[in-house]
Structures are given as C-alpha cells and as structure tokens.
Amino acid sequence: MKYSLTGGDTSSFVIDQNGVIKTAPGKRFDRESKASYSITVTAEDSGSQPRRNTAGVIVTVFDVNDNVPQFSNNPPKVDVKEDETLSKRIAKVSASDKDTGKNVKHLTTFLFFTLL
Ligand SMILES: [Ca+2]
Ligand SMILES: [Ca+2]
C-alpha cells in the first residue's frame, strides 16, 4: 500500500509508507496562531490498475502554557492619603492570557493600602 498526503496542510506533516503521520521536520506549532490542521491522506494499492481512496484527518493542537498573563492596561497611578484608613480599596487591575484551559487565568486583583 502506498500512502501520501494529497491535500490540506501538507507542508506541516509527512506520512511514511506504514501510514504513520508525523510532524514535518522543523515544523513548530503554536496553538495561539493556528489551533487545528486538516490534511487529506490517500492510500493507493499496488494493483496493475491501482485503485485509491482518501480520508480526511483533523489535527488539533493542544495548548501549553507559553504565554504570560497580560494586563489589559498599564497599572493605574494611584494616590493614597498618608492617613488613609486600613484596607481601603484604592485600585482594580485585570489581566488576561492567550492560553486556554488551565493555562489561562483571568486575574482580577484588588490592591489594598495597608498601614505598616
Ligand atoms: Ca498562560
Ligand atoms: Ca499556549
């Protein structure tokens, strides 16, 4: 049986003659840029008049935690009176993350002014 990649993202994968699909040498995957790939695999028999069939393969890129949380805006400039009361709420910041699942944490943090 002869296998080949005949459609889709053929530059990202290779297939050997056992039908094993591998990532192409040097190919790097980044879920945040492209989360899934589709390829068309063709199998061709070795008959005197070869016959072939095709199948579609969907490859999903799993996420790794390769992005740090990003603040949605610059940290606010906050003024605090020197005699402010204990644990007064003075600012709110938030951050998001390009990763997914457990690798992302939408952060909302309240800053408190604490008398030392
Ligand atoms: Ca992350
Ligand atoms: Ca990621």
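The values are calculated or read from the model by the stated rules, or taken from the named source; none is laboratory data. No experiment lies behind these values; they were computed from the predicted model shown. When we count neighbours, we look across all protein chains shown, and the Cβ atoms used for this are built from the backbone with ideal geometry, even at glycine.
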Across region 50-83, which residue is farthest from ligand 1 (Cβ to nearest atom) among those that are within 30 Å of LEU5 (Cα to Cα) and of a type in the set (A, V, I, L, M, F, W, C)? ALA55
Criterion first (farther than 27 Å from ASN65 by Cα and within 24 Å of the chain's Cα centre (by Cα)) does GLY26 satisfy it? no
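Against the definition (of a type in the set (Lys, Arg) and more than 26 Å from the chain's Cα centre (by Cα)), how does LYS92 come out, yes or no?
When the stated conditions are applied, LYS92 passes them.
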Residues of region 71-93 satisfying the condition of being in a strand (DSSP E or B) and either touching a residue at least 60 places away in the same chain (Cβ under 8 Å) or loosely packed, with under 11 Cβ neighbours inside 10 Å (or both): ARG89, LYS92
Cβ pairs under 6 Å, 6+ apart, first in region 51-65 and on the phi < 0 side of the Ramachandran plot, second in a loop (DSSP other than H, G, I, E, B) and more than 16 Å from ligand 2 (Cβ to nearest atom): ARG51/ASP45
Select, from ALA55, ALA43, the only residue that is modelled with pLDDT of 85 or more, assigned by TED's automatic domain parsing to the domain that holds PHE13, surrounded by 14 or more Cβ atoms within 10 Å (Cβ to Cβ) and away from ligand 2 (no atom under 16 Å from the Cβ). ALA43
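So, of the residues in region 1-30 that are assigned to a loop (DSSP other than H, G, I, E, B) and among the small types (Gly, Ala, Ser), which turns out to be farthest from THR42 (Cα to Cα)?
We begin by selecting, within region 1-30, every residue assigned to a loop (DSSP other than H, G, I, E, B); these are 1, 9-12, 16-20, 24-30.
After this cut, where a residue has to be among the small types (Gly, Ala, Ser) as well, the list is 11-12, 19, 24, 26.
On the way: SER11: 15, SER12: 16, GLY19: 10, ALA24: 17, GLY26: 24 Å.
Looking at residues that are assigned to a loop (DSSP other than H, G, I, E, B) and among the small types (Gly, Ala, Ser), I get GLY26.
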